[in-house]
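Chemist: Questions regarding the structure given below will be posed in turn.
The values are calculated or read from the model by the stated rules, or taken from the named source; none is laboratory data. All of these numbers come straight from a predicted model, not from anything done at the bench. Cβ placement follows ideal geometry from the backbone for every residue including glycine, while neighbour counts extend to all protein chains displayed. Just the protein is used for accessible areas: all its heavy atoms, side chains included, with ligands, DNA and RNA removed. Shrake-Rupley method; radii C 1.70, N 1.55, O 1.52, S 1.80 Å.
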Amino acid sequence: MATPSGSAPQPRPNVLAIPAYVAGKPPVARPGLTSYKLSSNENPYPPLPGVLEAATEAAASMNRYPDMGSTALYAALGEAMGVPVEDLAAATGSVGLIYQLVNAFCGPGDEVVYAWRSFEAYPIAVTAGGATSVQVPVTADGRHDLDAMAAAVTDRTRVVIVCTPNNPTGPAVTQSELDAFIAKVPPHVVVVVDEAYLEFVRMDDAIDGIATYRRHHNVVLTRTFSKAYGLAGFRVGYAVAPAPLAAALRAVSLPFGVSHVAQAAAIASLEARDELFARVEDLVARRAGLVARLREVGWELPDAQGNFVWFPLGDRALDFAAACGEVGISVRPFAGDGVRVSIGEVEAFDRVVEVAARFAVPSS
């Protein structure tokens, strides 16, 4: 029987306005070339044996529900960071926490302030929650304009997000800058410090997130096992926040959202931090080497503090990505803004530098 015109179910209007998330694409195979995926900020190393064993063992009980309270994971995180388990909330990646933050603290008409361009899941989560995004442009060198962000806070603001290092542009906020910003934000507004890439930061006056959350009742740290720990496929993120805020995040979380296998792998990764962080040091060294080579061919890039570099190409972004694709390298273009290239296999860097040299703008 035909459905009468106009009677079909309709989603809420904000759902129709949700922008699509664009994931990093795999490379297209090119004859005679090894292809490399540098489009998703993934850790290029394979799992450590101990982590793989823990995940495999946990998979043997896949017929059982995971621990909804993430008890063992919270205990391991609390011990690693020296924080009470009551101040923790786990989710399916740190992106899951952004959804939960909007759900817990925002309603229709409420505003969320964040830099732009920044993590593309922010406008998705805000729109899905029925709140309103207030996007504050980053500076010409890809940094947060924290003064402008503070000025954008109104009586409708419920959450502000500081992504540091900023994905996809790369620069990180200093502790002095963050302290000055928090001092300008009303105490009833939640300040989210998104530290998905914190393990890669090498700079003076770097943020001490744990010390910052301890000093403020309105600061939430969001972190992930996807990047430095190499568990992108398992989706484990966590928040560190004062107990009332952490409880709110847990209250709106998806029941059993973090699988038993993911929890086991995360715990094993915490136990293997020394080995994993040695890999991080290698990736930081690769980043420095790539940046140096790109400078040699004429590029002045934003300060790279994550596991990626940013090419501010503007309208040439799609052309640059296509040129990389022709030589078997997938990168992540942001049309009209630039291209993000992940720090991955060093074997790919020769081709990245060759393409970048063709797109460099001669200095005047």
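Chemist: Can you pull a Stokes-Einstein diffusion coefficient for the stretch 13-84 at 4 °C (1.567 mPa s), Rh from Kirkwood over Cα pairs, as a whole number of µm²/s?
Modeler: So the translational diffusion coefficient is about 75 µm²/s.
Chemist: Next question. For the pair Thr34 and Ser61, what calculated FRET efficiency results from E = 1/(1 + (r/R0)^6), where r is the Cβ-Cβ distance and R0 = 30 Å, to the nearest 0.05?
Modeler: That pair, Ser61 with Thr34, gives E of 0.20.
Chemist: If you take the Cα atoms of the stretch 203-322, find Rg, then find the Kirkwood Rh from the mean of 1/r over all pairs, what is Rg/Rh?
Modeler: 1.05
Chemist: Something else: On the protein heavy atoms, probe 1.4 angstrom, tell me the percent of accessible surface of the chain carried by carbon and sulfur.
Modeler: Accessible surface attributable to carbon and sulfur in the chain totals 56 percent.
Chemist: Still on this structure, please answer the following. Say the dipole of the stretch 317-364 comes from +1 at the beta carbon of Lys and Arg and -1 at that of Asp and Glu; which of Ala348, Leu318, Gly336 then lies farthest toward its positive end?
Modeler: Sorting the options by dipole projection puts first Gly336.
Chemist: With only alpha-carbon atoms in the gyration tensor, what are the semi-axes of the equivalent ellipsoid for the stretch 120-207, in Å, largest first?
Modeler: 21, 16, 12
Chemist: Expressed in nm to one decimal, what extension gain is obtained for the pair Ala243 and Ala20 from 0.36 nm per residue of sequence separation less their Cα-Cα distance?
Modeler: Gain in length upon complete extension: 77.0 nm.
Chemist: In deg cm²/dmol and to the nearest 500, what is the mean residue ellipticity at 222 nm of the chain if only DSSP H runs of at least 4 residues count, each as -39500 (n - 2.57), divided by the residue total?
Modeler: Helices in the chain give a 222 nm mean residue ellipticity of -11000 deg cm²/dmol.
Chemist: So if R0 is 22 Å, what FRET efficiency would His188 and Val252 give, r being the distance between their Cβ atoms, rounded to the nearest 0.05?
Modeler: That gives a FRET efficiency of 0.75.
Chemist: Compare Trp299, Trp310, Trp116 in a GNM of the chain, Cα atoms joined below 10 Å, and give the one with the largest fluctuation.
Modeler: Trp299
Chemist: From the P(r) of the stretch 269-341, can you give the percent of Cα pairs sitting at distances over 21 Å?
Modeler: The answer is 36 percent, as a whole percent.
Chemist: A further question on this structure: Write down, largest first, the equivalent ellipsoid semi-axes of the stretch 94-154 in whole Å, where each equals the square root of 5 times an eigenvalue of the alpha-carbon gyration tensor.
Modeler: After diagonalising the Cα gyration tensor, the semi-axes are 21, 13, 8 Å.
Chemist: Starting at 0 and stepping by 5 Å, how many percent of the alpha carbon pairs of the stretch 13-166 end up in each bin?
Modeler: In whole percents, the pair-distance histogram is 1, 7, 11, 13, 15, 15, 15, 11, 7, 3, 1, 0.
Chemist: Explain nothing, just the number: dipole magnitude of the stretch 236-364 about its Cα centre with +1 on each Lys and Arg Cβ and -1 on each Asp and Glu Cβ, in debye rounded to the nearest 20.
Modeler: Around 320 debye, computed over the stretch 236-364.
Chemist: Between the stretch 275-333 and the stretch 196-223, how many Å separate their Cα centres?
Modeler: Cα centres, the stretch 275-333 to the stretch 196-223: 24 Å.
Chemist: Let me ask something else about it. Taking the Cα centre of the chain as the origin, how large is its charge dipole in debye, to the nearest 20, when only Lys and Arg (+1) and Asp and Glu (-1) carry charge on their Cβ atoms?
Modeler: Dipole about the Cα centre, nearest 20: 820 debye.
Chemist: Another one. What does the charge add up to near Lys227, with Lys and Arg as +1, Asp and Glu as -1, over the other residues with Cβ less than 9 Å from its Cβ?
Modeler: So the environment of Lys227 carries a net charge of -2.
Chemist: When ranked by the protection proxy of mean other Cβ atoms within 10 Å per residue, highest first, what sequence do the peptides 28-34, 42-48 form?
Modeler: Sorting 28-34, 42-48 by mean packing, highest first, produces 42-48, 28-34.
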